[in-house]
Amino acid sequence: MPAEQRARPLALLRTERQRRVVVAVNRAAAAVGISPGHSLADARSLEPGLEVAEATPDADSALLGRIADWARRYSPCTAVDEPDGVVIDITGCAHLFGGEGALAADLTGRLRVAGFAARAAIAATPTAAWGIVRFADAEERRRERLDGLPLAALRLPAETVEALHALGLRRIGDLHAMPRAGLAARFGETLLQRYDQAFGRLDEPISPRRPVPAFRERLSFAEPIATPESIAGALRHLLRRLCAGLEAAGQGARRLRLDAHRIDQRVDDEPQGLTLGTSRPARDPAVLARLFAPLLERIEPGPGLETLTLAATGTEPLGAIQTGMDGEGSDAGLAELVDRLVLRLGDRAVLRLVPRESWLPERCVAPLPPGEPLPAPKPWPAGRPRPLRLLTPPEPVEAIAPLPDDPPLQFLWRGVRHRVRRADGPERIECEWWRPEGSLGLAVRDYYRVEDGDGRRFWLFRAGLYRPGESPRWFLHGFLG
């Protein structure tokens, strides 16, 4: 927005009980006395030339969310503070930016370049930071002083602030000498809760927008990097540091995320992110680097990357690894092959079969992507030969068989007649009573293993119980080895 337009008084409005009410103003409007809560008529009486626009709270909230995600370059723990703020827990992160002051200056500088009016305050607690950034002058913000701030800086309800004013209490420091029991009895627990939170006597956890990974590494560059070789080298460095932390904790990575921040990245843009999943816990930097290699081609560095962050977003326990002559575990080669196939073909194209508790042949196994954890161990059914290949759905055949329970003498499938030389059965399988009977509409199946004159073996079943006057229905369900 041009400077001359920003200088004009502007108010955002919403409708409350058929009244147009001001919900936000710019500095020019505030300078003439207009503030949130004024009706449009009152605001126009103070400034006839007031410009107005409709408030868009949903869009504002979404923008705050994108800014909070962008701020993860400073810390993995960021959250939206409605209606106009973002809170960041920079514990253990400030030294990466040259200290708290340098971090705050970098953050507000980037926001201003992006066109936002931004103020930042650093304090020991979220409540203190909230009050300082909104009510403190430059000296109070620098020294993190709370005593001289108005009571509204504790995020108290307006009626509570007015009642405290009636007693002559106007500053946070005025509360120090007041008896706690009297304050609680007259104003409720909210006043003491906010007071204690501001001074760190009561915990005030931040609920981050995204889970904070326990294992995360960050690398900033004095000069932006853009070549594939430099990006790959930086990733290897991050992997060595991350895997060292995983080893110390006895953990292995199951899912990793690499975020690349460009120097021209917009504040409301997501960083470029790459996600890598592994079929089993892993912490070998060389193996993980090889798996990441084809993904790095997706990064578009543009004028250059200024920061890379690598996080293990999913981990599992992993003890000491027995290595071979090549430095890898005995199963590492197979695991890496599976992971490479998943990266190339997709996680739904590489599957493993695991037992599932069902007697129905089409339900007794389930496909599972290699990156998903195995369910509780279940034994494979024993003593019941099953074909390796099933027809889905079973195909109808014309069969001739003595009644009521003898195997077929011959059957016709896809226009070819097969004469049965050997047969075994029946094996009766009933559908689970809690499930629909399926497209066949029959709850009982009698299966037979048969061999024709050419030595081919088939798995047939008769659907339903034999009833006089009815012709049984036969189906081919699979092929035996």
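The values are calculated or read from the model by the stated rules, or taken from the named source; none is laboratory data. Predicted, not measured: the structure shown is a model, and the values here were computed from it. Methodologically, a virtual Cβ is constructed for each residue, glycine included, from the backbone with ideal geometry; neighbour enumeration extends over all protein chains shown. The protein model used for the area step is the full one, side chains on, heavy atoms only, and it has no ligands, DNA or RNA in it. Shrake-Rupley method; radii C 1.70, N 1.55, O 1.52, S 1.80 Å.
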Given unit charges at Cβ for Lys, Arg (+) and Asp, Glu (-), the dipole magnitude of the chain about its Cα centre in debye, nearest 20, is 760 debye
Tilt, helix 332-345 to longest principal axis of the chain (alpha-carbon atoms), in degrees rounded to tens, equals 80 degrees
Expected field for Thr278, accessible surface area in Å² at 1.4 Å probe radius, rounded to 10, holds 0 Å²
Helix 126-135 sits off the longest principal axis of the Cα atoms of the chain, rounded to the nearest 10 on a 0 to 90 degree scale, by 40 degrees
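Can you tell me how much longer the chain between Asp60 and Leu345 gets when fully stretched, taken as 0.36 nm per residue apart minus their C-alpha distance, in nm with one decimal? It would help to have the intermediate numbers written out before the result.
Values: separation 285, 0.36 × 285 = 102.60 nm, distance 3.96 nm.
Full extension of this stretch gives 98.6 nm more.
Can you tally the net charge around Asp106? Count Lys and Arg as +1, Asp and Glu as -1, for every other residue whose Cβ sits under 13 Å from the Cβ of Asp106. Before the final figure, lay out the partial values.
On the way: positive: Arg73, Arg110, Arg112; negative: Glu100, Glu306.
Result for the local shell: +1.
Need the full-extension length gain, Glu270 to Leu368, defined as separation in residues times 0.36 nm minus the C-alpha distance. One decimal, nm.
Values: separation 98, 0.36 × 98 = 35.28 nm, distance 3.10 nm.
Length gained, Glu270 through Leu368: 32.2 nm.
Out of the total accessible area of the chain (probe 1.4 Å, heavy atoms of protein only), what percent is carbon and sulfur? Walk me through the numbers before you get to the answer.
Details: 14410 of 27240 Å².
Whole-percent figure for carbon plus sulfur exposure: 53.
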Charge dipole of the chain built from unit charges on the beta carbon (Lys, Arg +1; Asp, Glu -1), centred at mean Cα; most positive-end Cα among Pro213, Pro387, Ile263 is Pro387
In the range 123-220, the GluC sites (Glu not before Pro) that sit in a DSSP loop and have at most 16 other Cβ atoms within 10 Å of their own Cβ are Glu144
Once Arg417 and Asp147 are pulled to full extension, the length gained, defined as 0.36 nm per residue separation minus their Cα-Cα distance, is 87.6 nm
Charge tally for neighbours of Arg386 with beta carbon under 14 Å away, counting Lys, Arg as +1 and Asp, Glu as -1, is +4
SASA check, Ile299, accessible area w/ 1.4 Å probe, all protein chains in place, rounded to nearest 10 Å², comes out at 20 Å²
Regression test value, accessible area per residue of the chain, probe 1.4 Å, units Å², expected 57 Å²
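Rounded, prolate or oblate for the range 62-114? Axes are the square roots of the Cα gyration tensor eigenvalues, ordered a ≥ b ≥ c, and the cut-off for rounded is a/c under 1.5. Let's see the in-between values first.
Working: a/c = 2.19, a/b = 1.41, b/c = 1.55.
Since a/c reaches 1.5 but b/c is at least a/b, the shape of the range 62-114 is classed as oblate.
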Among chymotrypsin sites (Phe, Trp or Tyr not before Pro) in the range 124-216, those in a DSSP loop whose Cβ has at most 16 other Cβ atoms within 10 Å are Phe199
Note to self, the chain gives a 222 nm [θ] from helices alone (DSSP H runs n ≥ 4, -39500 (n - 2.57) apiece, / all residues, nearest 500) of -8500 deg cm²/dmol
Which of (i) -0.66, -0.77, -1.30; (ii) -0.31, -0.41, -1.41; (iii) -0.40, -0.52, -1.30 gives log10 I(q)/I(0) by the Debye sum over Cα atoms at q = 0.07, 0.08, 0.14 Å⁻¹ as computed here? It is (i)
The answer for Phe215, listing residues at least 5 apart or on another chain whose modeled amide H is closer than 5 Å to its amide H, is Ala312
For the range 1-113, the charge dipole (Cβ of Lys, Arg +1; Cβ of Asp, Glu -1; about the Cα centre) points to a positive end, and the Cα of Ala68, Ser35, Gly49 closest to that extreme belongs to Gly49
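With a sphere of radius 14 Å drawn around the Cβ of Val161, what net charge do the other residues whose Cβ falls strictly inside it have (Lys, Arg +1; Asp, Glu -1)?
Details: positive: Arg134, Arg155, Arg170, Arg171, Arg186, Arg194; negative: Glu159, Glu162, Asp174.
Every neighbour counted, the sum reads +3.
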Rounded to the nearest 10, the angle in degrees between the Cα long axis of helix 285-296 and the longest principal axis of the Cα atoms of the chain comes to 80 degrees
